[in-house]
Every structure is written in C-alpha cells, then in structure tokens.
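To start, the structure itself, in structure tokens.
Derivation of every value follows stated rules applied to the coordinates shown; laboratory data play no part. Computed from a prediction, not measured in an experiment: that's the story for all the values here. With ideal geometry, Cβ positions are generated from the backbone for all residues, glycine too; neighbour counts draw on all protein chains shown.
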Amino acid sequence: IVLFSASLGFVLSKNVSFENVERGGIDMLFTTRPKPADIPETIVVMIDEKSYAPEFGYYDPLPRRYIARLIDTLAAKGAKTIALDIAFYDKLDMLDPKGDSILVQSIKRAGNVIAVSIWYQQEDGSVKNQLPHPFFMSALKGVGYANLQIFGSGVLSSVREVRPVQKMGDGQSV
C-alpha cells in the first residue's frame with residue numbers, strides 16, 4: 001500500500017493537469033489568509049501616473065524626485081520599514097540630473113528602505129542576481145527578492161528557490 005501510494009503520488013506530481021488542480025487548491029488556501037491591507041501595521045501605498053505625470057511630464061520610469069518625496073513623507077510619518085517594489089538597476093541622470101542624488105539622500109535619511117532584486121537565467125544557463133545599481137545599493141537597508149510567479153487566480157502560491165544571501169555594504173545579509 002505504501003509503495004502504491006508513493007508511486008501514485010510521484011506519477012501525479014509529474015502530471016501537468018494535476019499541477020493545475022494542486023495550484024487551485026493552494027490558491028484557495030491562500031485566499032483565506034489575512035491580506036496585507038487587513039493587518040493594521042501594514043500600509044500599502046499604490047502609485048498611478050495621475051499622481052505624478054502632470055508635475056514631471058513623464059510617467060515611465062517613475063521620477064526619482066517623486067520617490068524621494070514619498071520616502072521622506074513615509075519616514076516622517078514613522079514607517080518602520082519602507083519596502084519599494086521598484087527596481088533601481090540604472091541611474092537616470094539623463095532624465096533628471098539631480099533626481100538620483102536626491103533619491104539616495106532620501107533613502108539615507110530614512111535608513112529603512114528596501115528595494116528589489118531579481119534572479120534570472122542567462123543564455124549559458126547560469127543564474128545571476130540583478131541587484132540595484134551600486135549608487136543606490138550603498139544607501140539601501142536591503143534588497144528583497146521580486147521574482148514571484150502569480151498564476152491565473154491572481155494569488156501568489158509559490159516562490160522559486162531562494163539563492164545564497166548577498167552581503168550589503170554594512171555587512172548585513174539579505
């Protein structure tokens with residue numbers, strides 16, 4: 001019986017149609033857990049182009065001065081951690097020569113800002129971590145993993161394997 005059950009489990013785990021059934025079951029369980037907005041200590045700030053495009057004249061990429069002002073506001077309101085789902089892979093001096101510097105100063109003042117990094121597979125098959133540009137990395141408290149796969153139901157039910165930690169400039173691991 002044990003051997004039969006183990007064999008059946010193995011066969012079903014390799015079956016694509018069963019994978020969808022499994023995801024559906026996991027998604028159902030995830031939908032019953034508290035959402036971040038339901039947790040009193042968590043505030044999610046959503047940004048749309050109406051918030052900043054009229055002032056800055058463009059909306060992609062998000063103006064660095066706008067992000068700096070947002071960080072300053074959240075820090076002044078007592079945010080314990082400011083986690084940005086924004087990639088700072090490049091400096092954007094050509095759009096706003098002082099914008100990047102203003103943002104870095106804001107990040108340093110707050111002292112609690114986390115940005116994203118991603119893991120990606122290169123053409124040779126190796127896996128690489130894309131970290132923020134060193135200009136921003138030196139000011140950040142840390143980075144968070146942003147490669148999350150969300151399936152048809154819109155529920156995050158799995159996260160790919162996490163790779164070795166990256167040391168920050170202050171010796172902290174992320």
What Rg and what Dmax come out for region 55-130 when only alpha-carbon atoms are used, in angstroms?
14.5, 47
Unsatisfied cross-links (Cα-Cα over 24 Å) in the set Lys77/Lys141; Lys50/Lys108; Lys50/Lys80; Lys98/Lys141; Lys98/Lys128; Lys108/Lys128:
Lys50/Lys108; Lys50/Lys80; Lys98/Lys128; Lys108/Lys128
How far apart, in nanometres, would the label points at Ile114 and Leu95 be if each is projected 7 angstrom from Cα along the Cα-to-Cβ direction?
2.5 nm
